[in-house]
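Report on the structure given below.
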Amino acid sequence: MIAIANQKGGVGKTTTAINLATALAATKVRVLVIDLDPQGNASTGFGIAREARRQDTYRLLSGDLPLSQAAIPTQVPGLSIVPAGVDLAGAEVELVATEQREQRLTEALGAATGAGVDYILIDCPPALGLLTINALVAAHAVLIPLQCEFFALEGISHLMRTIERVRGRFNPALAIQGIVLTMFDKRNNLSDMVAQDVRSYFGDKVYRTVIPRNVRVSEAPSHGKPVLLYDVGCAGSKAYIQLAGELIRQHRTLAA
């Protein structure tokens, strides 16, 4: 169960959730995506129409709907999603007055381990509010997409402090799955500089795979498709396939 988190917007978080999930499903494992962002971009990226989102993460968090009913299939074989509907925007406010408010997603996903799912990817909102806290409390690990730009480095320290607080109070086993560098432009010296800085600080926590800037990746959501279905031969698709391979090898090594 992996939370894909970064409080900074526009770093490729949802794009990574959509395409990493698709690449994992292509290896014949069963994948579930939890769209925890009120914007619902992951749901849109899988072609889930607004009117088809009545079974959504809001109802899952509120306890009105079990996971078995909230998850709906996508066009990708072996990949399901709990979509985000319009009501999720109010969940943050409602959770404030709820008992064990940080544990609602953990409780809702309690049956997931017996539901025939190999990977659960949680697409977090671009904020360190209660929705993201719920994801970090529920998850086994955090995957952090980091845009190859200067200001992206500043924000990651806030996320690390939040992860430490979650470890201390709710989820001591929460691990850093890894950091994936996104929107890398090989023509831009700044991308190289940021990549070098991140690797020198975080070492082997940074994936070798780098996600390039790629117009096909940007176009795919407007067609309601992951880029692997939109153009499997483009540079972005190849990068996400490589990232999925790294992730799978990482888990095999940990399990050995």
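Summary of computed values
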| item | result |
| --- | --- |
| Relative contact order computed over the range 1-112 (Cα-Cα under 8 Å; 6+ residues apart), in percent | 28 |
| For Arg59, solvent-accessible area (1.4 Å; no DNA, RNA or ligand), Å² | 90 |
| Solvent-accessible area of His140 with every protein chain in place, 1.4 Å probe, in Å² to the nearest 10 | 110 |
| Pair Ser222, Arg30: separation of 7 Å Cα→Cβ label points (nm) | 3.7 |
| Gain upon complete extension [Ala175, Ser157; 0.36 nm per residue less C-alpha separation] | 4.9 nm |
| Inter-label distance for Leu254 and Asp192, nm, one decimal - labels placed 7 Å from Cα along Cα-to-Cβ | 3.3 |
| Helix-only [θ]222 nm of the chain, DSSP H runs n ≥ 4, -39500 (n - 2.57) each, per residue, nearest 500 | -12500 deg cm²/dmol |
| Cβ-Cβ FRET estimate between Arg208 and Val86, R0 fixed at 30 Å, reported to 0.05 | 0.15 |
| Top of Gly233, Gly85, Gly47 by mean-square fluctuation, Gaussian network on the chain, Cα under 10 Å | Gly233 |
| For a label point 7 Å along the Cα-to-beta-carbon line of Thr98, residues of the range 42-64 with backbone N under 13 Å | 56-64 |
| Over 24 Å between alpha carbons, listed pairs Lys28/Lys205; Lys186/Lys225; Lys28/Lys186; Lys8/Lys186 | Lys28/Lys205; Lys186/Lys225; Lys28/Lys186 |
| Equivalent ellipsoid dimensions for the range 1-141 as semi-axes, Å, which come from the Cα gyration tensor, largest first | 21, 16, 15 |
| Length-normalised contact order of the chain in % [C-alpha pairs under 8 Å, at least 6 apart] | 26 |
| Accessible-area order (highest first, 1.4 angstrom probe) of the listed residues Ser157, Ser237, Ser222 | Ser222, Ser157, Ser237 |
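The values are calculated or read from the model by the stated rules, or taken from the named source; none is laboratory data. Please read these numbers as outputs of a predicted model, since none were measured by experiment. Ideal geometry is used to build each Cβ from the backbone, glycine not excepted, and the neighbour counts take in all protein chains shown. Areas reflect the complete protein model, heavy atoms only, side chains present, ligands, DNA and RNA absent. Shrake-Rupley method; radii C 1.70, N 1.55, O 1.52, S 1.80 Å.
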